[in-house]
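Take a look at the structure below.
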């Protein structure tokens, strides 16, 4: 080959390498914000989908989701390898494929506390368990990557209502979140990473005796008269801290794209207080409320009299969240039940119940695109 041609080829290869690196950097920058901050015409209209176990049920659920103008689905995973799961493998695969084909943003919901099929709960303090958690989520993404946009960590916590950071458990939860998110981003850069958190409802605690995160102590001192001070005659903490979750730090450290608080009360007062708290927390640590996807309940469960079905209340909660700048709401759950039609109607059709302002009357792109 002539010297002149070799130089020309080298020059072209250099240009291609430069363009590749430039594209990679641009993509990385886009991935870092994932549309939740920069997107001006998007909203996460999410829904949980639990235990896909029949084609008839799956078809009904998907039809309801599309009728409600929802755009994001968190579907519970099936078993894979030695790891537990609640959906039927065949039904899960068919559902996520169809959901993806219908333009929905699909995320695999992983019940991390119940990874083992023997029923034992996960203890994240052990390196062996943390490695197993990482392999689990990577295996799920590898198998279903053609049809999903992200992975969602659920039950990243401990089961008992314990002292804050009891036995370094909060440190362990923070660590497994960090390690799993890092592993996903390294291998699947297009995938979004989100997690559930227990509510921020005030919960009693003795500040002097517990290892409370420093950011919360500082926030508490900077907000005299806050709900955690006013609810009782002694200092309190958010409920999620009693389950070893420091969810604000997950966002502050940029480990996750978004966190989903589980506040499924029908009470507007309690739900609005939840949204106020999260907005204040994130603002204090320099993050945007866009990183919070507010959970809205559509369920009844024994032991939770505060939960239930309140169609008009769902519309009011979305309106309140939007007034504070929130761009994400996730409903638990559309399960093919008889009352789902009430929810679809309040979300999409103007009426006196929603003040003639149906929140999802028109479709909108998910921020998870």
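The values are calculated or read from the model by the stated rules, or taken from the named source; none is laboratory data. Given the structure is predicted, the values throughout are model-derived calculations rather than measurements. As a convention, Cβ positions derive from the backbone with ideal geometry for all residues, glycine included, and neighbour counts pool all protein chains shown.
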Residue under evaluation residue 221, criteria (1) assigned to a helix (DSSP H, G or I); (2) exposed (fewer than 15 other Cβ atoms within 10 Å of the Cβ); (3) in contact with a helix residue (DSSP H, G or I) (Cβ under 9 Å, 6 or more places away or on another chain), criterion not met: (3)
Leading residue by the ranking (surrounded by the most Cβ atoms within 10 Å (Cβ to Cβ)) among those in the range 259-298 that are over 30 Å from residue 336 (Cβ atoms) and in contact with a strand residue (DSSP E or B) (Cβ under 6 Å, 6 or more places away or on another chain): 278
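Residue 311: outside the structural domain of residue 53 (by TED's automatic domain parsing), within 24 Å of residue 261 (Cβ to Cβ) and touching a helix residue (DSSP H, G or I) at 6+ places or on another chain (Cβ under 8 Å), yes or no?
Details: outside the structural domain of residue 53 (by TED's automatic domain parsing): no; within 24 Å of residue 261 (Cβ to Cβ): yes; touching a helix residue (DSSP H, G or I) at 6+ places or on another chain (Cβ under 8 Å): yes.
Here the answer is no, as residue 311 does not meet what is asked.
Taking only the range 111-132 into account, find how many residues are within 15 Å of residue 171 (Cα to Cα) and not in a helix (DSSP H, G or I). I'd like the intermediate steps shown before the answer.
Step one: of the range 111-132, the residues within 15 Å of residue 171 (Cα to Cα) are 122-127, 129-130.
Still in the running and not in a helix (DSSP H, G or I): 122-126.
Counting residues in the range 111-132 that are within 15 Å of residue 171 (Cα to Cα) and not in a helix (DSSP H, G or I) gives 5.
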Test: residue in the range 12-26 that is outside any loop (DSSP other than H, G, I, E, B) and either modelled with pLDDT of 60 or more or under 21 Å from residue 146 (Cα atoms) (or both): yes
Within the range 241-258, tally of residues that are under 13 Å from residue 212 (Cβ atoms), in contact with a helix residue (DSSP H, G or I) (Cβ under 7 Å, 6 or more places away or on another chain) and crowded, with 23+ Cβ neighbours inside 10 Å: 4
Filtered residue count, the range 44-60, keeping only those that are in a helix (DSSP H, G or I) and either over 14 Å from residue 96 (Cβ atoms) or in contact with a strand residue (DSSP E or B) (Cβ under 6 Å, 6 or more places away or on another chain) (or both): 3
Cβ-Cβ under 7 Å pairs, at least 6 apart or on other chains, the range 62-73 side on the phi > 0 side of the Ramachandran plot, far side surrounded by 19 or more Cβ atoms within 10 Å (Cβ to Cβ): 69/45; 69/347; 69/360
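Do we find that residue 275 is farther than 19 Å from residue 107 by Cα, more than 17 Å from the chain's Cα centre (by Cα) and modelled with pLDDT of 95 or more in this structure? Outline the logic, then answer.
Details: farther than 19 Å from residue 107 by Cα: yes; more than 17 Å from the chain's Cα centre (by Cα): no; modelled with pLDDT of 95 or more: yes.
No.
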